[in-house]
Amino acid sequence: MIRVGNGYDIHRLESGRQMVLGGAEIPSEKGPVGHSNGDAVLHSIVDAILGAAALGDIGSMFPDDEPEYEGIDSATLVKRAVRAVSENGWTVRNLDVNVILESPRLAPFIGAMRRRIAALLGVDYDAVSVKAKTHEGLGDIGRGEAVACHAVVLLESIGNGP
């Protein structure tokens, strides 16, 4: 049996904050604002994984009013989501991600993002796709005020669920 999950996240950008997307540090004057480290790519992946396994979403598993998650590396959230779906009889098979960001250009960092995400998910590099898009100057993203991300994941049953 297989299941598909869809995830979405958006974060406001502010000057002086570190930009980490897909677990990769991106040189930038602005970075995402969030309760954790604001990695919109990894947050959308968590939502896709949890959704595919019908285990809720990032906010229900990792509430933003819990002090333990303040400033947490989003990679930790991905690892915990992968463990949760595994304990419920699922494994990640592949992932496709769209990152929507006006600036900086992400092309030089796509490989690093794919490697980091593949390691977090326990899949091969070629099972992870990351694509960067701009918003053509439109809206909050186009004005450089936000970063958004869409993720789609395929889970396969491994038959060891509760």
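Data overview
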| quantity | calculated |
| --- | --- |
| Calculated [θ] (222 nm, deg cm²/dmol) that DSSP helices of n ≥ 4 give over the chain, each run adding -39,500 (n - 2.57) | -8500 deg cm²/dmol |
| Sulfur and carbon atoms: percent of accessible area, the chain [1.4 Å] | 47 percent |
| Rel. contact order, % - alpha carbon contacts under 8 angstrom, at least six apart, the chain | 33 percent |
| Per residue value of the accessible surface for the chain (all protein chains in place, 1.4 Å probe), Å² | 48 Å² |
| Radius 13 Å from Cβ of Asn6, net charge of other residues (Lys, Arg +1; Asp, Glu -1) | -3 |
| Bridge type composition, region 73-162 - antiparallel percent by DSSP, nearest 5 | 60 percent |
| Accessible heavy-atom area order of Asp9, Asp57, Asp39, Asp64, highest first, probe of 1.4 Å | Asp64, Asp57, Asp9, Asp39 |
| Low-density loop positions, GluC sites (Glu not before Pro), region 1-108 - DSSP coil, at most 12 other Cβ in 10 Å | Glu70 |
| 3J(HN,Hα) from dihedral phi, region 59-71, Karplus parametrisation 6.51/-1.76/1.60, rounded to Hz, x for glycine, proline | x, 7, 7, 10, x, 6, 9, 9, x, 5, 9, 5, x |
| Where trypsin sites (Lys or Arg not before Pro) fall in DSSP loop in region 28-84, at most 13 other Cβ within 10 Å | none |
| Sequence of Phe62, Phe109 when ordered by accessible area, the most exposed leading, probe 1.4 angstrom | Phe109, Phe62 |
| log₁₀ of I(q)/I(0) at q = 0.18 Å⁻¹ - region 22-126, Debye sum with one point per alpha carbon | -0.89 |
| Order of exposure, largest accessible area first, which applies to Ser103, Ser36, Ser129 with probe 1.4 Å | Ser103, Ser129, Ser36 |
| Karplus-derived 3J(HN,Hα), 6.51/-1.76/1.60, for each residue of region 42-49, Hz, glycine and proline x | 5, 5, 5, 5, 4, 4, 5, 5 |
| GluC sites (Glu not before Pro) restricted to DSSP loop in region 122-162 with at most 10 other C-beta within 10 Å | Glu136 |
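The values are calculated or read from the model by the stated rules, or taken from the named source; none is laboratory data. Bear in mind that the values here come from a model prediction, so they are computed numbers and not experimental data. Neighbour counts run over all protein chains shown; Cβ positions are idealised from the backbone, glycine included. Ligands, DNA and RNA are excluded from the accessible area calculation, which covers all protein heavy atoms including side chains. Shrake-Rupley method; radii C 1.70, N 1.55, O 1.52, S 1.80 Å.
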